[in-house]
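Notes follow once the structure below has been shown.
The values are calculated or read from the model by the stated rules, or taken from the named source; none is laboratory data. From a predicted model like this one, the values you see are computed outputs, not experimental measurements. Neighbour counts are summed over all protein chains in view; Cβ atoms, including those assigned to glycine, are modelled from backbone coordinates with ideal geometry. Accessible surface is based on the protein model in full, side chains and every heavy atom, while ligands, DNA and RNA are left aside. Shrake-Rupley method; radii C 1.70, N 1.55, O 1.52, S 1.80 Å.
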Amino acid sequence: GCGGGGEPAASAEEGLKGNIFAAEVARIESTPARDVRLAAYWDIGECGPGLDDQNVEWCGGLTFQPKCRDVVRVNTSLCESEHASLLYFSGRGGRRPWVWMDGCEYEYFAEYSCLPITSTSTVTSTTTSTTTSSTTRTTTSTSTTTFTGTTTSTTSTTVLTTTLAQEVEMMQRMFDLELPLAMPGGGWKPEAGFGDAECTSEWRLPSVPALATEHNGVQLRDVCMRNMGPHYVYVIGDWGGVMHPQGPKPADQRPKNAFVHGVDDRAQLRVAAQMAERAKTRPPDYFLNAGDNFYWSGLNINCGTPSNTIIPTGQFEWNYEKVYTGEGIDGKPWLSVLGNHDYGGYMFNKGWDQQIAYTWASNKWVMPAAYYMVPVQYPDQMFSVDIFILDTNFLDAKETYEDPEHNICGPHNPTGADCSSVGGPSSVYQCHS
């Protein structure tokens, strides 16, 4: 546990000075508001930020399968270049309402931004005794300025950029390439390369191992989050309280004069309650569980139980299953790892192997090994995440009499401590090697 204290917190304004995010915050705050007239949407109930069902022709009209154009022509009062490009889109047919933003429901919502004026210019300057000049401006924003006369020296500079017509052509070519790879209702076909056809949102596990360490280093099969999002991931660690007859109690080390009753004695339950409340509107795709799942010394059982057998201690039931539950949370996988307290805190022979085995007894606990990885793809957003679950407890596996209060291979281990039957250390001496 960690205690608070020290100097009073600085004000938000003072804290921002020197903050690495200060420049980004200033940039965001100075960004002008986007023009709502550059949005195209089909709103439900005339609640959109502009006109009712605004600019729907940019996306094919009032349709459940909108196809928004990449570039649209607009009035010069909106964009000096007379063109705007697609910046953001959300929506898909067959589900009403598909989009919910700022208290309004939409079948689809698209946002456009002005394309910059592009130009091709050539400037030639000549030192002269007498000069004439001419300047021409065209609607394509191409200008030429020439000075002529008696020459003493000449410097010529040419700057070339793509024209608006070329950019429109490139956007169209990109659209033509993407169209055959797009699914009619949204998303991408397997040949787009964003996950094979068998890639689903299911977290597929290897077979039940004979030894708890059998799958160490395994790569699980790809998981594909095929919904449009937004996507959320919850991260939690150091959560599992100490078992009491009335339920879990925090593993607290705070001095009595700093203890707040109703808060510090219900820390795990209060966090779980806030998590459940948030999940009603922002449900996670999955959890990343950073370890130290059961305090103080892991599951109340020694290592050595076969992986196809679960011996109940009540801790999974009362500290986990009945604590983290609710709408948006139930059934969501917890990608989990062992902390030093799960090995025993200052021992290595507690039931860490049962935490691995629980993977095949639960519909959401995922810990097929002490360390593993899984690729998670988001085909509709065109990115992927490689999640590496690492076992860094070797940092607490020290020589027998070194740092005894934090050494899982230390003298607090009982005589004859041995986890070799499940793939773990056979003794305190073999533990740190």
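Spin-label model, Leu390 to Lys67: label points 7 Å out along the Cα-to-beta-carbon direction sit 4.8 nm apart.
A simple count of charges around Arg204, restricted to other residues whose Cβ falls under 10 Å of its Cβ and scoring Lys, Arg +1 and Asp, Glu -1, yields -2.
Note down the net charge around Glu327, summing +1 for each Lys or Arg and -1 for each Asp or Glu among other residues with Cβ under 10 Å from its Cβ.
Numbers: positive: Lys280; negative: Glu277, Asp330.
In short, -1.
Can you tell me the alpha carbon radius of gyration of segment 362-415 divided by the globular rule-of-thumb value 2.2 N^0.38 Å? Don't skip to the end; give the middle numbers.
Values: Rg = 18.0 Å, N = 54, 2.2 N^0.38 = 10.0 Å.
Ratio of Cα Rg to 2.2 N^0.38 Å: 1.80.
Please say if segment 257-370 is rounded, prolate or oblate, where rounded means a/c under 1.5 for a ≥ b ≥ c the square roots of the C-alpha gyration tensor eigenvalues, and otherwise the choice is prolate for a/b larger than b/c and oblate otherwise?
Numbers: a/c = 2.18, a/b = 1.25, b/c = 1.73.
Here segment 257-370 falls in the oblate category.
Each part reduced to its alpha carbon centroid, segment 301-315 and segment 371-393 end up 28 Å apart.
Where in segment 280-317 does the amide nitrogen come within less than 11 Å of the point 7 Å from the Cα of Val208, taken along Cα to Cβ? Hits in segment 280-317 for Val208 at 11 Å: 306-310. Ordering Tyr401, Gly344, Asn363 by the projection of their Cα atoms onto the charge dipole of segment 335-433, which places +1 on the Cβ of Lys and Arg and -1 on the Cβ of Asp and Glu, puts Asn363 at the extreme positive end.
Compute the accessible area per residue over segment 356-432, keeping the other protein chains in place, probe 1.4 Å, unit Å². Ligands and nucleic acids excluded, the figure is 48 Å² per residue.
If you take all other residues with their beta carbon under 14 Å from the beta carbon of Asn302, and give Lys and Arg +1 and Asp and Glu -1, the sum is -2. Normalised by 2.2 N^0.38 Å, where N is the number of residues, the C-alpha radius of gyration of segment 294-433 stands at 1.15.
Placing pseudo-labels 7 Å out from each Cα toward the beta carbon at His406 and Met101 gives an inter-label distance of 4.8 nm. Look at the dipole of segment 188-295 built from charges on Cβ: of Thr281, Gln219, Trp239, the Cα furthest out on the positive end belongs to Thr281. Report note on the peptides 294-302, 218-226, 243-251, 345-353: ranked by the mean count of other C-beta atoms within 10 Å, highest first, their order is 345-353, 294-302, 218-226, 243-251.
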